[in-house]
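Taken together, the values in this text are just the output of simple stated rules run on the coordinates, not laboratory data. Computed from a prediction, not measured in an experiment: that's the story for all the values here. Cβ placement follows ideal geometry from the backbone for every residue including glycine, while neighbour counts extend to all protein chains displayed.
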Amino acid sequence: MKWLLTLIAVNCLISVMIYPMMTLGVDKPMNWLLETGCLVAGAGSLYLLIRYRKEL
């Protein structure tokens, strides 16, 4: 479970930073729903990792 939460947190938070650069580089509009979804998922899994760090 800890491995899965770490994978979700890292991938989502990295994609939040890289996705705008990729879409602006190819002159496409950003999908804000995807951006906020990745941010919420990454922050949520990071919160769960910190909150339950002793049980995981």
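Can we say Ile14 is without any contact (Cβ under 8 Å) to a residue 24 or more places away in the chain, surrounded by 12 or more Cβ atoms within 10 Å (Cβ to Cβ) and either in contact with a Cys (Cβ under 9 Å, 6 or more places away or on another chain) or in a helix (DSSP H, G or I) (or both)? The answer is yes for Ile14.
Residues that are exposed (fewer than 13 other Cβ atoms within 10 Å of the Cβ), in a helix (DSSP H, G or I) and aromatic (Phe, Trp, Tyr) occur in segment 31-54; there is at least one.
Could you tell me whether segment 47-56 includes any residue that is among the charged types (D, E, K, R) and under 11 Å from the mean Cα position of the chain (by Cα)? Looking through segment 47-56, none of the residues is among the charged types (D, E, K, R) and under 11 Å from the mean Cα position of the chain (by Cα). Report whether or not Met1 is in contact (Cβ under 8 Å) with a residue 12 or more places away in the chain, exposed (fewer than 12 other Cβ atoms within 10 Å of the Cβ) and more than 8 Å from the chain's Cα centre (by Cα). Taking the combined requirement at face value, the residue satisfies it.
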